[in-house]
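Q: Before I ask anything, let me first share the structure, which is written out below as structure tokens.
Please treat every number below as a calculation from the coordinates, not as lab data. Since we're looking at a predicted model, the values are computed, not measured. Glycine also receives a Cβ, built like all others from the backbone with ideal geometry; neighbour counts cover every protein chain displayed.
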Amino acid sequence: MASRKKADEEKLKKRRLARFRFKRLVHVVICNRYWITEIEDREIGNNVTRNVAVIDRRLTHKGTLTIIEKKILNSPPAERTREQRRVLRTVLRKIECLQELTVDQLNDLAGCATFEYFGPGRVILREGHHPNGVYFLANGEITVSRLRWDSIYLRHNDTPCGTRTRGQMFGEIALLHDCPRTATCTTATDCELLCLSRADFDRILKHTLLDRWRQLQLALERFDYFKYWTNDQVRECCLLSRIVAFDTQQKLPVDGDARYTYFVLSGQCMILQCLTVAKVHGTYRLVPIATNESAAAEQTSRDASAPPMVKCLLTRFSITFWNHLPAGFSVVMPLPPPPPLQQPTIEHRFIDVGTFSCGSVFGLGEPMPHRMVVARNRVQCLVIPRGWLFEKQQNVGNTWQRIRMKLEMTIQRDRLFEQFVRDQRWQRYRKALVREYVRLHPRQNATQLADVPIMCRVEQGEI
């Protein structure tokens, strides 16, 4: 009787173990179904051994990490070999927020970072909770939200205030300042994360990130715009902004779909305006931006010809050739053919119209028609997201709209074109005056231009 009872307990134990293993397998498949689908369906068949071999040697991936690299990250940190750490160090270097770290820091991260996958709609961090670690987004998108008081419904609403995309870090504010979580982070898509515990963060990254934080705070203190901001605004601005350096003659991305505002910390940036003009018979005409060059050339040629509309009617007048022609005989004289129309020449003239020096701000959404900003020398800029800057808390009195209106009124294409035409007239007048003077006062010696050393020649260029 006892042996039978013991056998039933053994069967029940095996059944429970098998059920637990099956549930565990299903849970692993569900949690990793996103990156398991990297294997194309046509390569998977009924041969289990072949399927395992295909999965093992498949290295293509959707995001930053491959299957082999995820396998290494899922292994215990103490069991990772030197070669595996080298592979992870190469992967960590590809993440944007870790590109400025030293080799030793990356090697330490490769020895303690872990991998996590979360599906859409999962809450990673909750505002007000105690912080336990920091996260690096290898693939996917995170929605950042904060609790804001609704004075109408008298309750707190979870309001989105930003996003985190591939290559960015989140969760570090609470660890840097030793405070509860300042925002809630929720996955918007399938997300692959690299996780770092609080102890490892304090040991590897805390001092480096604190130095960056102090640099951003010092950069904000140099501008009077941020003088009356609260500590929360300064903290959030330091989180969203960054300091970017541009080399000489490098173009700054302020046109098109640019979403950032630039505050110049050092160096100078020049504003280059491209004027598209049509030249006909020595006169210039400004080509509208909306029209293309062929249409503008056709319109300009029609305007330049400008003959009045003539109806080519056969005019009869009587010319009597003595008495040899019958009375009433009329001779029709054709009109002379019109002169051939000269096609206009489309020219692109670049004009240096201004300079952004230290303390200037641009990129507030001002129109940039045929205009660009180029660094005169090495330039450092504080870059802040424009959308966050235009929020009500940071835009008291519509400060940024007023600055944008001033920039729009300062540089206008029509005024620049008028100045360009005046300069062209002055150049022509000066050259004609010099030629006339030389003609009336010929030189007395036989010195030619070739006799002057090339190092001593100074040539005046055209505008």
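Q: For segment 58-151, what is the convex hull volume of the alpha-carbon atoms per residue, in Å³?
A: That works out to 139 Å³ per residue.
Q: Let me ask you something else. List the pairs from LYS11/LYS71; LYS23/LYS71; LYS206/LYS227; LYS70/LYS94 whose alpha-carbon separation is above 23 Å, in the order I gave them.
A: Beyond 23 Å between Cα atoms: LYS11/LYS71; LYS206/LYS227.
Q: For GLU141, what residues show an amide H to amide H distance below 5 Å, using hydrogens built from the backbone and excluding near sequence neighbours?
A: ALA188, THR189
Q: Counting only Cα, what are the radius of gyration and maximum Cα-Cα distance Dmax of segment 105-220, in Å?
A: Gyration radius and largest Cα-Cα distance of segment 105-220: 15.2, 52 Å.
Q: What is the gain in length, in nm to one decimal, between ARG422 and ALA78 on full extension, counting 0.36 nm per residue of separation less the C-alpha to C-alpha distance?
A: Gain on extension, ARG422 to ALA78, equals 116.3 nm.
Q: Going by average Cβ neighbours within 10 Å, how do the peptides 211-221, 187-197 rank, with the highest at the top?
A: 187-197, 211-221
Q: In what sequence, highest mean first, do 440-446, 370-376 appear when ranked by Cβ atoms within 10 angstrom?
A: So the order, starting with the most tightly packed, is 370-376, 440-446.
Q: May I ask you to give the average projected area over all directions of the convex hull of the Cα atoms of segment 194-239, in nm² rounded to one decimal?
A: Mean projected area of the Cα convex hull: 3.8 nm².
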